[in-house]
Amino acid sequence: MTEHSDADDSKGAALYERLMALKPEGLAPTKWALDAGVNRGFFTNLKGKGGGVRTDSLRKLLSYIGKTEADLVGGSDVPPANAKPVEFEGASLERLPENLPVYGTALGAEMLIEGERIEQTTLNTGDVIEYRRRPPVSHGVEKVYGLYVQGSSMYPAHRDGAFLFAQRDARLRVDDDVVVYLRPKDESDDGSRAVCVLVKRLVRRSAQYVELEQYNPAKVFRIEMSDVLRIDRVLTTDDYT
């Protein structure tokens with residue numbers, strides 16, 4: 001198959017279906033795309049917009065799951081007898097463990113930045129209030145956890161009381177929703193513990209500051225990186241469906 005093929009199964013929804021037929025069980029399309037080194041929206045664009053794809057992108061995707069273009073063309077044909085199965089780590093979708101910790105949160109004191117109120121959330125990682133079923137993307141990843149949104153600063157994206165999955169040490173991108181852990185501004189700051197977090201949208205990040213956005217009241221603001229302990233990414237349905 002080449003990038004310029006005019007065959008119906010070389011582009012758009014037909015190609016999407018062929019790739020999904022080869023996709024290992026439990027592997028989220030977005031994770032497949034990111035780990036293979038292609039655009040995270042590859043599958044969404046392919047299914048929704050149609051058209052051809054770059055040959056190198058297709059080969060990266062197939063190589064990641066131990067397949068070739070011959071497997072793609074062959075579709076559901078029986079593979080040759082010397083084919084070797086590829087084993088993938090993690091539990092299957094049929095056995096989603098209910099061991100994902102959900103940390104306790106509460107509405108914290110507001111910050112005042114340039115005259116606007118910025119909602120904070122208190123979060124205690126030592127207070128596990130419940131365990132939930134893990135989304136497939138978290139198989140084998142111990143740094144995924146859950147939390148409940150407090151307040152209405154991110155409405156309508158996240159209503160008060162909405163449940164979110166978040167991942168520590170995840171790669172951050174502009175427009176990601178994030179959980180920013182803030183260092184305490186008193187003698188309790190030991191460089192490893194946070195009491196308050198900000199659940200906001202990531203606008204920009206540099207070595208000196210992180211720029212965030214909240215929706216209600218609408219405000220784009222900056223936090224000095226010296227005040228930040230860490231930044232976790234909020235997972236979306238693209239990550240685990």
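The values are calculated or read from the model by the stated rules, or taken from the named source; none is laboratory data. Model, not experiment: these values are computed from the prediction. Here Cβ is always computed from backbone atoms with ideal geometry, including for glycine, and neighbour counts include all displayed protein chains. Remember, those area values only see protein heavy atoms, side chains included, never the ligands or the DNA or RNA. Shrake-Rupley method; radii C 1.70, N 1.55, O 1.52, S 1.80 Å.
List of remarks:
- Just so you know, in region 187-220 the residues that are free of Cβ contacts under 8 Å to residues at least 24 places away in the same chain and charged (D, E, K, R) include one that is surrounded by the fewest Cβ atoms within 10 Å (Cβ to Cβ), and it is E187.
- Close pairs from region 168-180: first in contact (Cβ under 8 Å) with a residue 24 or more places away in the chain, partner of a type in the set (K, R), Cβ under 6 Å, at least 6 apart: R168/K143; D169/K143; A170/R233; L172/R233; D176/R233; D177/R201; V178/R233
Yes/no per residue for (1) among the aliphatic types (A, V, I, L, M); (2) farther than 17 Å from Q150 by Cβ; (3) in contact (Cβ under 8 Å) with a residue 40 or more places away in the chain:
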residue	(1), (2), (3)
Y103	no, no, yes
E110	no, no, no
G115	no, yes, no
L123	yes, no, yes
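- Residue under evaluation A207, criteria (1) in contact with a Phe, Trp or Tyr (Cβ under 7 Å, 6 or more places away or on another chain); (2) over 26 Å from A33 (Cα atoms), criterion not met: (1)
- Helices (runs of 4 or more DSSP H) lying entirely in region 1-98 (those with 2 or more residues that are in contact with a Gly (Cβ under 6 Å, 6 or more places away or on another chain), open to solvent by less than 30 Å² (accessible area, probe 1.4 Å) and at pLDDT below 85): none
Conditions tested, residue by residue: (1) modelled with pLDDT of 95 or more; (2) assigned to a loop (DSSP other than H, G, I, E, B); (3) touching a strand residue (DSSP E or B) at 6+ places or on another chain (Cβ under 6 Å).
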| residue | (1), (2), (3) |
| --- | --- |
| A157 | no, yes, no |
| R173 | no, yes, no |
| V179 | yes, no, yes |
| E187 | no, yes, no |
| S192 | no, yes, no |
| R204 | yes, no, yes |
| E211 | yes, no, yes |
| F221 | yes, no, yes |
| D238 | no, no, no |
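- Any hit, region 145-163, residues being under 15 Å from the mean Cα position of the chain (by Cα) and exposed (fewer than 13 other Cβ atoms within 10 Å of the Cβ): yes
- Among the conditions (1) more than 21 Å from T30 (Cβ to Cβ); (2) of a type in the set (A, V, I, L, M); (3) surrounded by 19 or more Cβ atoms within 10 Å (Cβ to Cβ), V178 misses just one, which is (1).
- Residue in region 131-143 that is under 30 Å from G26 (Cα atoms), open to solvent by 40 Å² or more (accessible area, probe 1.4 Å), in contact with a Pro (Cβ under 8 Å, 6 or more places away or on another chain) and among the hydroxyl-bearing types (S, T, Y) present: yes
- Test result for R183, closer than 30 Å to K67 by Cα, in contact with a Lys or Arg (Cβ under 9 Å, 6 or more places away or on another chain) and either modelled with pLDDT under 95 or of a type outside the set (D, E) (or both): no
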